[in-house]
Every structure is written in C-alpha cells, then in structure tokens.
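The values are calculated or read from the model by the stated rules, or taken from the named source; none is laboratory data. Everything numeric here is computed off the predicted structure, so don't read it as measured data. Cβ coordinates were reconstructed from backbone atoms using ideal geometry, including for glycine residues, and neighbour counts include every protein chain displayed. Protein only, heavy atoms only, side chains kept; ligands, DNA and RNA dropped before computing areas. Shrake-Rupley method; radii C 1.70, N 1.55, O 1.52, S 1.80 Å.
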Amino acid sequence: MSKLELLPAVDVRDGQAVRLVHGESGTETSYGSPLEAALAWQRAGAEWLHLVDLDAAFGTGDNRALVREVTEAMDIKVELSGGIRDDATLAAALATGCTRVNLGTAALETPEWVAKVIAEHGDKVAVGLDVRGTTLRGRGWTRDGGDLYETLDRLNSEGCARYVVTDIAKDGTLQGPNLELLRTVCAATDRPVVASGGVSSLDDLRAIAELVPLGVEGSIVGKALYAKAFTLEEALEAVAK
Ligand SMILES: O=C(O)c1ccccc1NCC(=O)[C@H](O)[C@H](O)COP(=O)(O)O
C-alpha cells in the first residue's frame, strides 16, 4: 500500500500567510511571510506544497507575483489554487512552474472551458470539490455551485485526473476531517482524491491514511501545523509506511 502524501498549506491573503475559519473572508489569522512558511515546510521534509492565492479566489486582487516567487523558490512539488478561471489565469499559474493547478469555481461556472483544459493538460489539472453538505461552493466558497455528485460524474466522464475534496464546515476548525465524505467521493470516482480541511491531530492523519486503499492519495494540512498541534516531521513519520 502506498503512503499518504502530505501537502502543507500556505494560503496567501494580502501578502501574508494566513489561516481562515470555514474559508470565510475576515476570519484571517496571520502567520507572516508565505515564503518563510513554504521554506519551513520544505526544510521539514515536505514533498508537496499546497499554495492558495486567497485574494484571487475571493476576487479581491491577487498575490500573483508572490505566488510565483514562492513557487520558484521551491525544490518540491507545488499545487497551486485560487482564482484560476480562464486562459490568462491558467497560463500565469502554469508559468510559475507549479506541478499542478487546482480549479474550483471554473468547474462550476464554465464547464466547457474546464473540459477543454482537462483534455489539454491532463494530470496537471485537479478540480477542487469544496462542499457544504453535498452542495459545491465557488467564488472563494461564497456561492452555491450545484450538486457534488452530479458534477463529479460530469468531471469523471471528461477525464478529470484528480480531485481535492474540502468539507468547508471543517476547514480551519481543527475538528477533524470528514472521513465519510471522503469515503463517499472515493466510491463515486476511480481518480485519486486529496483530502482537505479539519485535520487536527496525528490520529486524524492516520485515519485518512486508512483510506488510501479506497483512493485517497494525499491530505492537505493547514491550521494544525500553524497552531503547532504537531510538527510536519511528526506528521510525515505518522503516515510513513
Ligand atoms: O483553495 C481555495 O481556493 C480556497 C478558497 C477560499 C477559501 C479557502 C480556500 N482554500 C483553503 C485551503 O485549501 C486550506 O488551506 C486547506 O483546506 C487546509 O485546511 P485546514 O487544514 O483545516 O486548515
């Protein structure tokens, strides 16, 4: 059985690394320089970085230059998310040299474009399925965007390579991941799933790792690392097989 990949998160708002609660604008706790945070996760042994431009996601500007600087400074793989919704933003994201991009809103609002991008870029594109209950949310998680399973069926048929699944109710809360949601999504797709939102402890990571045989490939970890619930070294050790 392969090990669970861990993707420490750096979410950027107004030039700062921040954590949000339920992804809501205005709930930011600041953790300083995004580059320093990213370099710290790399030094600690991360193989992936989950890098989010929250301003681009919310439509309050962007941190494009900073995101590019961070991505270029990394020797590790980078998953880039936030506000990638058209040819220009996709080209800018891919030009950073990131390993893959994560599309969210676009998968809900411009499905034809997303189908084209999936066909063109394959494994370099993941789709973020950010849900409250089974309702998808777009535009920085502020607007409803349809049913999770209908959208998943459509994306499966279009050849989407991977899904990043977030239970918004859990995100940034340290309340534990929604394991049932992950199981249900894995049952509805044969593509790898990256879990996101709510990790609070090493036991949470071990519980997500138990889902690897079902199709969970990785887990994003944000708040728990910043709150020092555990170190990244401890997390990597906990999921090493
Ligand atoms: O990813 C996005 O596009 C996004 C948009 C709006 C609000 C939040 C967004 N992402 C947040 C994350 O990806 C978190 O870093 C991740 O879910 C970690 O959650 P946690 O471990 O609970 O801090």
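Key figures for this structure:
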{"read-out": "Length added when fully stretched, Glu180-Lys241, from 0.36 nm per residue minus Cα-Cα", "value": "19.7 nm"}
{"read-out": "Heavy-atom accessible surface of the range 5-239: percent carbon and sulfur, 1.4 Å", "value": "48 percent"}
{"read-out": "Label point distance in nm, Glu47-Leu35, each placed 7 Å from Cα along Cα→Cβ", "value": "2.8 nm"}
{"read-out": "Computed E for Thr135/Leu214 - FRET, C-beta separation, R0 35 angstrom, nearest 0.05", "value": "0.95"}
{"read-out": "Mean accessible surface per residue for the chain, computed with a 1.4 Å probe while every protein chain stays in place, in Å²", "value": "40 Å²"}
{"read-out": "Overall form of the range 1-80 per C-alpha gyration tensor (a/c, 1.5; a/b vs b/c)", "value": "prolate"}
{"read-out": "Asp75 paired with Glu112, simple spin-label distance in nm, labels 7 Å along Cα-to-beta-carbon", "value": "4.6 nm"}
{"read-out": "Cα gyration tensor shape for the range 72-125, rounded if a/c is under 1.5, else prolate or oblate", "value": "prolate"}
{"read-out": "Arg206-Ala119 FRET efficiency (beta carbon distance; Förster radius 30 Å; 0.05 resolution)", "value": "0.20"}
{"read-out": "Over the chain, relative contact order from alpha-carbon pairs under 8 Å, at least 6 apart, %", "value": "20 percent"}
{"read-out": "Share, in percent, of DSSP beta bridges within the range 5-239 that are antiparallel, nearest 5", "value": "25 percent"}
{"read-out": "Inter-site label distance for Asp86 and His22 at 7 Å from Cα along Cβ, in nm", "value": "3.1 nm"}
